[in-house]
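As structure tokens, the structure follows; a few thoughts come after it.
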Amino acid sequence: MFKYLKQLTSLVAMVAVLFTFTTETMAAKKSKTLKNTQKKGFVRCGVSQGLPGFSNADAAGNWTGIDVDVCRAVAAAVLGDANKVKFTPLSAKERFTALTSGEIDILSRNTTWTLSRDADIGLTFVGVNFYDGQGFMVRKSSGITSTSQFKDGISACTNIGTTTELNMRDFFNSKGISYEPVAFEKADEVVAAYDAGRCDTYTTDKSGLAAQRTKMSNPDEHIVLPETVSKEPLGPVVRQGDSVWEDIVRWSLNAMIEAEEYGITSANADSMKTSDNPAVKRLVGAEGELGAAFGLDNEWSLRIIKQVGNYGESYKRNIADTGILPDRGPNELWTKGGILYVPPAR
Amino acid sequence: MNLKLQKIIPQLITVLVVVLVFGFFTYNAQINMENRGIDFGYGFLSQESSFDVQFSLIEYDGSHSYFRAYLVGLLNTILVSVIGIIFATILGVIVGVARLSPNYLINQFAAFYVEFFRNIPLLLQIFFWYFAALRALPLPQDADAILGVFYLTIKGLYVPAFIWENLNVFLYSLIAAIIAIVVIRIHARKVQETQGKQLPVFWIAIGLIFILPLLSFLIGGVSLSFEIPKLKQLATTSFIYEGGVSLPPELIALTLSLALYTATFIAECVRAGIQGVGKGQKEAAASIGLNPNQVLKLVVMPQALRIIIPPTTNQYLNLTKNSSLAAAIAYPDLVLVFAGTALMQTGKAIEIVSITMLTYLSLSISISILMNWYNKKIAIKEK
């Protein structure tokens, strides 16, 4: 009897070990990307070649921006350290190929979410981290204050491989204006050509215009026209076919936005563990088992908030305080008149 | 039999290895694309492209197909290559000959030019001509007319447009003149071979090529007028020229940098060719009573060309392939329009890159075939 009991306990222990082992790594097993990331020890993130406020490297090679923060949030959630990210600067043309070919695992590069991109080319958009729209910049001295003053023969500088190129055609066609498109591969060259006087107007996403203006030889000589000619929801993208990884990136972004909604900041996150609000407690890992579904521990979102901050902190640090777009406009929480609204983390 | 087998087996193995390697990569790509839900196919070529292109030789706008956009890019690549090759050849020959000039100033200047331009990376030169030189050009409203009709501005070079009446009559007269010249040349060669007399073919040719088209103006009802570019105001400080033809600065900068760069290599080919002809040849030719012009035309050049043509073919190929750097300065060539915008809008990376590679391959092979044919034509014909 005693003999059997010993055998039985070891059997139970074995089953228990096996069971915890399987539950813990189920998600990791299902997600090749998560497994590879944990093995490598860093998140591979595709960013722009330099767009202030979104993804921009300083002289020391440190990347900052709200797009950069999405990757940092994922690194904090998955690896426990927001600095464990390898950034790959990509041109608009290279970005999707780099993602689908497996060179990077997240593309967080002010990329517009459109149907054809989502459905056609092996990509999945996980959310929106900036609501934008295409606009036009002109020289103040031209006296143009509205796109209605554009005339036949106007030349417009822009980037290739962007939705901008298509919107520009739609816009000028609908107004019946003939125009000369001058499309460059890199944003820096677009700015240089426009700045030199090659083009009458420079068109791209309004946030991009505001950011690039800071790079011009004399920013005060240029204005962004008030009209917005398209919808440009910008957000992070992952490869199609790895739904666990997709969920991790989506909810890392959502956690940042929801943290702002509940007033959890990098400074007060730890003290929020004792909050009375169950939603807040869930978000800082004091209640529920939210991380298990991704194969992560329970403090994944707490680490994001502590190391990267909530969405509002990220916006303020990168976009408002740098003078790019001090007014949050549509990128304000739904509770404060904006359109940022994310599903609940529960 | 055994020997034959020995020869065949290594070749079979080589073929097998190539097929296997190619097969492996194709299979691999297929599996990966399937896993990521990417479709493969060329059907997108007939879809509407919905983007515009700055500069096109054929009628095109966003309502045309991706295939049409491909043609636009291809023609623009060919255009810049052909213009580049013509200018590079002319400049290269002049500089190559100048390097051999007994005049110290001329040969040193030519040597400096060659060393300077061939030792700076081409992309840097393109950027220099586009960004640095462009900034120095005046805005349209500040531009002074060159010869009263040309305007070189930051937005491009504006030249008068030709407005023809009865253009076809003029073209027929030109074709007639060319045919007449060919006939006279053949006749002149016969006269020289049978009677030893030399006809002044060159002067006759010049005369014909001017007189026949001139006659078409006088009695053929052909007339030519010019449309001179006029300044048009778009906004307070924003102007363009209307009417006439505008050449975008991207085209000018690209052609200029390609021609200046490649000409240095062609100059060296030309110098090598001329120096490769033995001194004795020239002396022998002079001793049988040929004048210096005839020495160059009949003795030196035919031999020098044999040395010049093969390496120059390489330079032509290089220039054509280098034209793909256009993407850096917004000249809408094949790479920018098709492997750039079209690739981005469709996401068909493998299809578009393969088409682009095949296109450049075909272009290069065509140039090779043409030059090899010419090389064979001028090679020593052993009898």
Between Rg and the Kirkwood Rh of region B:149-210, both from Cα atoms, what is the Rg to Rh ratio? 1.30
Under the rule of at least 5 residues apart or a separate chain, name every residue whose amide H is placed under 5 Å from the amide H of A:Asn129. A:Leu234, A:Gly235
Can you tell me the 0 to 90 degree angle between the C-alpha axis of helix A:187-196 and the longest principal axis of chain A, rounded to 10? 20
GNM flexibility winner over chain B from B:Val337, B:Val300, B:Val201 (Cα, springs under 10 Å): B:Val201
Residue-span extension gain [B:Lys190 to B:Leu124] - 0.36 nm each, minus C-alpha spacing: 18.4 nm
Can you work out ³J(HN,Hα) from phi for every residue in region A:320-326, in order, using Karplus 6.51 cos²θ - 1.76 cosθ + 1.60 and θ = phi - 60°, giving whole Hz and x for Gly and Pro? 6, 5, 8, x, 6, 9, x
Among all the lysines, which ones have a C-alpha under 25 Å from A:Lys151's C-alpha, if same-chain residues fewer than 8 places away are not counted? A:Lys140, A:Lys175, A:Lys206, A:Lys231, B:Lys155, B:Lys230, B:Lys232
Between the residues A:Ser271, A:Ala76, B:Phe24, the Cα farthest towards the positive end of the dipole of the protein assembly as shown, that dipole coming from +1 and -1 charges on the beta-carbon of Lys, Arg, Asp and Glu, is from B:Phe24
Karplus couplings for region A:244-261 from phi (6.51 cos²θ - 1.76 cosθ + 1.60, θ = phi - 60°), rounded to Hz, Gly and Pro as x? 5, 4, 4, 5, 4, 5, 4, 7, 5, 5, 4, 4, 5, 6, 5, 4, 5, 4
Calculated over the protein assembly as shown: convex hull of Cα atoms, volume per residue (Å³): 266
Using a Gaussian network for chain B with springs between C-alpha atoms less than 10 Å apart, which of these wobbles most: B:Gln275, B:Gln11, B:Gln108? B:Gln11
Phi to ³J(HN,Hα) by Karplus 6.51 cos²θ - 1.76 cosθ + 1.60 over region A:220-233, Hz, x for Gly, Pro: 5, 7, 10, 10, 8, 5, x, 5, 10, 9, 7, 9, 10, x
For B:Lys376, go through the lysines and keep the ones whose alpha-carbon is under 22 Å away, minus same-chain ones fewer than eight residues off. B:Lys297
How much net charge surrounds B:Val295 when only other residues with a Cβ under 15 Å from its Cβ are counted (Lys, Arg +1; Asp, Glu -1)? +2
Considering only DSSP states other than H, G, I, E and B, which chymotrypsin sites (Phe, Trp or Tyr not before Pro) in region A:266-342 qualify as loop sites with at most 12 other Cβ atoms within 10 Å? A:Tyr341
Suppose the Debye formula is applied to equal point scatterers at every Cα of region B:145-184; what is log10 I(q)/I(0) at q = 0.17 Å⁻¹? -0.66
Given H placed 1.01 Å from N in the peptide plane, which residues other than close sequence neighbours of A:Gly338 have an amide H under 5 Å from its amide H? A:Glu332, A:Leu333
Chain A, dipole about Cα centre (Lys/Arg Cβ +1, Asp/Glu Cβ -1), debye to the nearest 20: 1100
Using +1 at the C-beta of Lys and Arg and -1 at the C-beta of Asp and Glu, which of A:Val43, A:Pro330, A:Gly102 has the Cα lying farthest in the positive direction of the dipole of the protein assembly as shown? A:Gly102
In chain B, which whole DSSP H runs stretch at least 24 Å along their own axis (Cα) and average -0.5 or higher on the Kyte-Doolittle scale? B:2-35, B:66-99, B:167-195, B:201-218, B:249-275, B:301-322, B:349-378
Using only Cα atoms and rounding to the nearest 10 degrees, what angle (0 to 90) does helix A:2-30 make with the longest principal axis of chain A? 0
For A:Tyr179, which sequence-distant residues (separation of 5 or more, or a different chain) have an amide H within less than 5 Å of its own amide H, given hydrogens modelled in the peptide plane? A:Gly153
Rg(Cα) of region B:110-257 divided by 2.2 N^0.38 Å? 1.57
If every Lys and Arg gets +1 and every Asp and Glu gets -1 at its Cβ, then about the Cα centre the protein assembly as shown yields a dipole, in debye to the nearest 20, of 2980
Convex hull of Cα atoms in chain A, direction-averaged projection (nm²): 21.1
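Computed from the coordinates by the stated procedures, all read-outs in this text should not be read as laboratory data. The model shown is predicted, which means the values in this text are computed figures rather than measured ones. Using ideal geometry, Cβ is built from the backbone for each residue, glycine included, and neighbour counts are taken over all protein chains shown.
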